[in-house]
1. If we scan the stretch 25-33, do we find a residue that is in contact (Cβ under 8 Å) with a residue 24 or more places away in the chain, out of contact with any Lys or Arg (no Cβ under 8 Å at 6 or more places or on another chain) and surrounded by fewer than 16 Cβ atoms within 10 Å (Cβ to Cβ)?
2. Scan (1) touching a residue at least 40 places away in the same chain (Cβ under 8 Å); (2) surrounded by 14 or more Cβ atoms within 10 Å (Cβ to Cβ) for the single condition PRO66 breaks and write down its number.
3. Mind listing whichever residues of the stretch 86-107 are among the charged types (D, E, K, R) and either part of a helix (DSSP H, G or I) or within 12 Å of LYS54 (Cβ to Cβ) (or both)?
4. I'd like to check something: does the stretch 37-50 contain any residue that is closer than 26 Å to PHE4 by Cα, touching a Leu at 6+ places or on another chain (Cβ under 6 Å) and touching a residue at least 60 places away in the same chain (Cβ under 8 Å)?
5. If you take the residues of the stretch 74-85 that are in contact with a helix residue (DSSP H, G or I) (Cβ under 9 Å, 6 or more places away or on another chain) and in a helix (DSSP H, G or I), which of them is surrounded by the most Cβ atoms within 10 Å (Cβ to Cβ)?
6. Considering each of LEU14, LEU60 in turn, give the residue that is surrounded by 11 or more Cβ atoms within 10 Å (Cβ to Cβ), farther than 20 Å from ASP92 by Cα and of a type in the set (A, V, I, L, M).
7. Is it fair to say LEU50 is over 16 Å from SER100 (Cβ atoms), in a helix (DSSP H, G or I) and of a type in the set (A, V, I, L, M, F, W, C)?
Amino acid sequence: MSSFFESELVRESLFELDDLQNQLFIDVMNLPFLDKEGKKEHLERMKEFLEKQKLFIFRLSLSDDPEAVEMKEKIIESAKMFGLKDGQNINDFFNIMENSIKKLEDSLDI
């Protein structure tokens, strides 16, 4: 394991991301059964997950550790499944995701 991933802060971030991702998966499976409040909680988890992803990508970007560089590249490749376009800045993509979540929140306030 590289020194980047030996960092307690990085390991904690990965654990938090994994935990949130698991919670979001459970939410998605139960989405049809969630009431308005449950859907709002789900959107809050989505926002928290997105913020933690942004922070983690930033940390990866600051590192020249080969494993960190490789992980960043893999994350960017994975983001393409969710709409990231070739050559698009990952931060622009995150902004689009934030706007999408905001629109979903606004639609629940009806």
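Throughout, read-outs are computed from the coordinates displayed, never taken from laboratory work. As the structure is a prediction and not an experimental result, all values here were calculated from the model. Cβ coordinates were reconstructed from backbone atoms using ideal geometry, including for glycine residues, and neighbour counts include every protein chain displayed.
1. Just the residues of the stretch 25-33 that are in contact (Cβ under 8 Å) with a residue 24 or more places away in the chain, to begin with: none.
No, because not a single residue in the stretch 25-33 is in contact (Cβ under 8 Å) with a residue 24 or more places away in the chain, out of contact with any Lys or Arg (no Cβ under 8 Å at 6 or more places or on another chain) and surrounded by fewer than 16 Cβ atoms within 10 Å (Cβ to Cβ).
2. With (1) touching a residue at least 40 places away in the same chain (Cβ under 8 Å); (2) surrounded by 14 or more Cβ atoms within 10 Å (Cβ to Cβ) applied to PRO66, the lone miss is (2).
3. Here is the first cut: in the stretch 86-107, the residues among the charged types (D, E, K, R) are 86, 92, 98, 102-103, 105-106.
Of everything in the stretch 86-107, those that are among the charged types (D, E, K, R) and either part of a helix (DSSP H, G or I) or within 12 Å of LYS54 (Cβ to Cβ) (or both) turn out to be ASP92, GLU98, LYS102, LYS103, GLU105, ASP106.
4. Looking for residues that are closer than 26 Å to PHE4 by Cα, touching a Leu at 6+ places or on another chain (Cβ under 6 Å) and touching a residue at least 60 places away in the same chain (Cβ under 8 Å), one finds none in the stretch 37-50, hence no.
5. Initial filter on the stretch 74-85 (in contact with a helix residue (DSSP H, G or I) (Cβ under 9 Å, 6 or more places away or on another chain)): 75-76, 79, 82-85.
Restricting the remaining residues to those that are in a helix (DSSP H, G or I) gives 75-76, 79, 82.
Values: ILE75: 15, ILE76: 16, ALA79: 18, PHE82: 9.
Out of the qualifying residues, it is ALA79.
6. Values: LEU60 fails: farther than 20 Å from ASP92 by Cα.
LEU14 is the lone residue from the list that is surrounded by 11 or more Cβ atoms within 10 Å (Cβ to Cβ), farther than 20 Å from ASP92 by Cα and of a type in the set (A, V, I, L, M).
7. For LEU50, the condition - over 16 Å from SER100 (Cβ atoms), in a helix (DSSP H, G or I) and of a type in the set (A, V, I, L, M, F, W, C) - is not met.
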